[in-house]
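Report on the following structure.
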Amino acid sequence: MKKLLTLGLLVAGHWAFSQTPDPKRITLVIHGGAGTITRKNLSPEKEKAYNEALEKALKTGYKILQAGGTSLDAVEATIHVMEDSPLFNAGKGAVFTHEGKNELDAAIMDGKTMKAGAVAGVTTVRNPISAARAVMEKSEHVMMVGKGADDFAKASGLDIVDPKYFWTESRWQGLQEALKEEKVQLDHTPPKDSSGRADDLIFTEGKKFGTVGCVALDQFGNLAAGTSTGGMTNKRWGRVGDAPIIGSGTYADNATCAVSATGHGEYFIRAVVAHDIAKLMEYKGWSVKKAADEVVMRKLVASGGEGGVIALDRQGNFAMPFNSEGMYRGYIKADGSLKVEIYK
Ligand code: ASP
């Protein structure tokens, strides 16, 4: 009887937490990619442009949360702003594949229901994060790839564009540099990695990655996470990174946290980064900061995985650790105070 009563109280407590809107609990955190981003290789004009774009994204999501919108809506709208900006490696401004195409990956996850949706290798969807959401909400699947995903996005009424829409001069130059480097490396140097993985071949542009991500907590205490990316410059053979892999680059669970990652995807997939952070919280009772630090600053560093994450719990505590030189990032709290940062 006592047990039943405790259970009843727990359920009622959970219900009350979820149902009573509390504007004081909203929080939104974003990243715009990690990598070798230093003051030296970012001009003051570029720095200003990034800061403005990050601020615009934060304010867009905040407005939705403040008006009582869901964390899912906030994540999607915030990511749209960054997908539509040529500054980030997502949507317009995505990097090029070896064949000179833009193949986009994205995922979204709802911490309340633990439903998730993802797309990989899409070439015609203006906002891949919305395609991921359509997979989650309008299909019985979790992940769709290639032409099928493009067709599904079209059938779902999403904004479809000519693949040329994604083209930007700077990313095109990035590919040309990568192709040159690849030639030099193939001619003169074997892959550095003893496993034979030619990891260096897909790094370019001063190792700036540029994926975008958002995690949010709404008035109802629900978490959501989303990530969108063009992947890595010079990627080949339908390569897919961690961003659309639920549990690696994207994860959300009201019981623990919401996570979005950025970095060298192969390492993040093998380490199942986002899920690992959530489970360290669940199994060990660690704080979001301790769990995120353990995975990004110790485990990933030990395996050579460069990058970072944003992670947010249900109380509004968050962490933004990265082991690269920089990470475009920012947060906005319930009172509207916001901060954007780039360097260490
Ligand atoms: N994680 C992404 C990928 O590997 C790249 C990035 O974060 O920029 O596809």
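The values are calculated or read from the model by the stated rules, or taken from the named source; none is laboratory data. Values in this document were obtained by computation on a predicted structure and should not be read as measured data. FYI the Cβ positions are ideal-geometry reconstructions off the backbone, even for glycines, and counts take in every protein chain you see. Ligands, DNA and RNA are excluded from the accessible area calculation, which covers all protein heavy atoms including side chains. Shrake-Rupley method; radii C 1.70, N 1.55, O 1.52, S 1.80 Å.
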Check your understanding: In sequence order, what are the phi-derived ³J(HN,Hα) couplings for region 152-166 according to the Karplus relation 6.51 cos²θ - 1.76 cosθ + 1.60 with θ = phi - 60°, rounded to whole Hz, with x for glycine and proline?
Key -> 5, 4, 5, 5, 7, x, 7, 5, 9, 10, 5, x, 5, 3, 7
Exercise for review: Work out the charge dipole of the chain with +1 on the Cβ of Lys and Arg and -1 on the Cβ of Asp and Glu about the Cα centre, then indicate which of VAL122, CYS257, ALA94 is farthest towards its positive end.
Suggested key: CYS257
Review point. Across region 102-113, in residue order, what do the Karplus-derived ³J(HN,Hα) couplings come to in whole Hz, using 6.51 cos²θ - 1.76 cosθ + 1.60 with θ = phi - 60° and x for Gly and Pro?
Key: 10, 10, 9, 10, 7, 8, 9, 9, 9, x, 6, 9
Revision key, fill the gap. In degrees, nearest 10, the alpha-carbon axis of helix 71-84 is tilted away from the dominant principal axis of the alpha carbons of the chain by 20
Point to revise | Modelled FRET efficiency - R0 35 Å, GLU341 with LYS147, Cβ distances, 0.05 increments | key: 0.35
Review point. Can you give the net charge of the other residues whose Cβ lies under 9 Å from the Cβ of ASN222, counting K and R as +1 and D and E as -1?
Key: 0
Practice item. For the chain, with all protein chains present and a 1.4 Å probe, just round the carbon and sulfur fraction of the accessible area to a whole percent. Key: 57
Study note, to complete from the structure: Measuring from the longest principal axis of the C-alpha atoms of the chain, the long axis of helix 273-284 (C-alpha) lies at a number of degrees, nearest 10, equal to 30
Check your understanding: With the other protein chains left in place, how much accessible area per residue, in square angstrom, belongs to the chain at a 1.4 angstrom probe?
Key -> 44
Point to revise | Label-point separation, TYR283 to ASP22 (7 Å along Cα→Cβ), nm | key: 3.0
Point to revise | Relative contact order (%) - the chain, alpha-carbon pairs under 8 angstrom, separation at least six | key: 25
Check your understanding: By how many nm would the segment from ASN41 to VAL301 lengthen if fully extended, with 0.36 nm per residue of separation less the alpha-carbon distance?
Key -> 91.3 nm
Revision key, fill the gap. Per the helix-only model, the chain has a calculated mean residue ellipticity at 222 nm (DSSP H runs of ≥4, -39500 (n - 2.57) each, divided over all residues, rounded to the nearest 500) of -11500 deg cm²/dmol
Practice item. Report, to the nearest 10°, how far helix 2-19 tilts away from the longest principal axis of the Cα atoms in the chain, using its own Cα long axis and a range of 0 to 90°. Key: 60
Practice item. Would you mind checking which residues have amide H under 5 Å from TYR251's amide H? H placed 1.01 Å from N; only 5 or more apart, or other chain. Key: VAL259
**Study point:** Most to least packed among 270-280, 157-167, 246-256, 216-226 [average Cβ atoms within 10 Å]
**Key:** 216-226, 246-256, 270-280, 157-167
Practice item. Averaged over every viewing direction, what's the projected area of the C-alpha convex hull for the chain? Give it in nm², one decimal, please. Key: 17.9
Review point. Which aspartates and glutamates have a Cα less than 18 Å from the Cα of LYS46, not counting those fewer than 8 places away in the same chain?
Key: GLU55, GLU83, ASP84, GLU169, GLU205, GLU325, GLU341
Study note, to complete from the structure: Net charge near THR20 (other residues with Cβ under 15 Å of its Cβ; Lys, Arg +1; Asp, Glu -1) is +2
